[in-house]
Amino acid sequence: MSLASGVEYLAIPGPSVMPDAVLRAMHRPAPNIYDGDLIDLTANIIPRLKHVAQTDGYAAIYMCNGHGAWEAALANMAIRGDRVLVAATGRFGHGWAEMARRMGIETDIVEFGNTSPIDAQQIQNHLGRHDPDYYRAVLITHVDTSTSVKNDVAAVRQAMDQAKTSALLAVDCIASLGCDQFLMDAWGVDVMVAACQKGLMVPPGLAFVFFNDRAAERQRALDYVSMYWDWAPRVAPEMFYQYFGGTAPTHHLYGLDVALNLIMDEGLDNVFHRHATLARAIWAACDAWAQGGALRLNVADPQHRSHAVTALRLNAPDGTRLRNWTQSHAGLTLGIGLGMSTPTDPKGDGFFRFGHMGHVNAQMIMGLLGTVQAGFAALDIDHGTAAIEAAARIIAQG
Ligand SMILES: *Cc1c(COP(=O)(O)O)cnc(C)c1O
């Protein structure tokens, strides 16, 4: 019998759980877009966004998803015939590279596979073989959501400095902003992209490109920038519509305002601590399950694991069986495996992910783990014991 009736938990790595307060803020009649509180509310969103990104630079808002943010960032950094370097640690690194190629930007990839982080030394070696101005930008993902690999952004900056490249450092923080600590200015990041539907807890529809003075200066020297993606009017609007290159994303702004308040009220450090502790509870349970069965964490070294998403594998087809069971029997939707196999690979049905980003707390994570434990029992999937106890100990220590 299904026991799924009740509050559902969408534990996929985005879109994430939406706070009721965000939804309530969005549930309102259409606001005036020419004057009134929406204008001030938007102006007040910008400094809080920059606080979450830990930057004194600029924040441009776009009405799109993460893919749009990729294109927006590229359109302000390079034109057809320019060259960028991509360090790939999963599907999303390749996605950004593909976007660049389709814009006519020459794109080289340094591949780090599906289970390892970027080796900064390799980036340095690669850059060292070319002129300082050979690449316009180096593109990396802070967290690649497909593999749950977390990269050391500061180390990549150091490698770029050592190699004396003039390239901008552009970082995809779509899965990490508001989940894993990210220090845009301190780490020397020139351009950063994010979206609202993951750590920022707002339904999909807004994306952000943060950039510094160095990137702004480079952008001004480009031969052209497509009008819609041009970040310049969006960060210095003379008229309200210029924030968005057209009509404002009215209701999303009300939602984002409340979501940013939730983050500010909890405190950014506490938000990071919560994500880190919940992630450690998940890993502790997975380590225990792994003792007596096929379950494996995708990333071996905890230092290189995301605090927002955990990629896992079982023997195929148990990953898919488990997802189907938790959804249909318990109201818990787990994430599919992404980019870990080709569509015809029989191992594909072994991969799955836990999303634990944004509006999640200890009881939800303990519920997730207990539900997975029940799924193992229901489906006769071999697993080690004492996983829930191991997770509970982490939660108990706080
Ligand atoms: C989700 C995600 C994307 C893509 O965002 P969409 O909103 O689905 O276009 C890109 N990069 C990373 C790291 C992501 O997590």
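Just so you know, all these numbers are worked out from the coordinates, no wet-lab data involved. Every value quoted in this text rests on a predicted model; they were computed, and no experiment measured them. Neighbour counts run over all protein chains shown; Cβ positions are idealised from the backbone, glycine included.
Computed values, structure above
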| item | result |
| --- | --- |
| GNM flexibility winner over the chain from HIS383, HIS275, HIS27 (Cα, springs under 10 Å) | HIS27 |
| Likely footprinting exposure, THR141, THR42, THR326, THR342, fewest C-beta neighbours within 10 Å first | THR342, THR42, THR326, THR141 |
| Residues PHE376, PHE240, PHE208 arranged by fewest to most Cβ contacts within 10 Å | PHE240, PHE376, PHE208 |
| Inter-label distance for SER328 and GLU389, nm, one decimal - labels placed 7 Å from Cα along Cα-to-Cβ | 3.3 nm |
| Relative contact order for the chain, counting Cα pairs under 8 Å that sit 6 or more residues apart, in percent | 23 percent |
| Tilt relative to the chain, helix 318-330 - C-alpha long axis, 0 to 90 degrees, to 10 | 80 degrees |
| Efficiency of FRET from Cβ geometry, ALA378 and ALA154, R₀ 41 Å, rounded to 0.05 | 0.40 |
| Residues whose placed amide H lies under 5 Å from that of ILE109, excluding near-sequence neighbours | VAL86 |
| HN-Hα J in Hz across region 370-381 - Karplus 6.51, -1.76, 1.60, θ = phi - 60°, x for Gly and Pro | x, 5, 5, 4, 5, x, 4, 5, 5, 9, 6, 8 |
| Most fluctuating residue given options ARG321, ARG157, ARG24, as computed from a GNM of the chain linking Cα atoms under 10 Å | ARG24 |
| Label-point separation, GLU238 to LEU3 (7 Å along Cα→Cβ), nm | 6.4 nm |
| Size of charge dipole - region 187-309 - debye, nearest 20, with Cβ of Lys, Arg +1 and Asp, Glu -1, no other charges | 380 debye |
| Inter-label distance, nm, simple model (7 Å from Cα along the C-beta direction), GLU98/VAL225 | 2.7 nm |
| Karplus-derived 3J(HN,Hα), 6.51/-1.76/1.60, for each residue of region 179-190, Hz, glycine and proline x | 10, 10, 4, 9, 10, 4, 6, 5, 8, x, 8, 8 |
| Amide H within-cut-off set for ILE336, under 5 Å, with H built and near neighbours excluded | ARG353 |
| Charged-residue dipole, Cβ positions (Lys, Arg, Asp, Glu), region 31-264 about Cα centre, Debye nearest 20 | 320 debye |
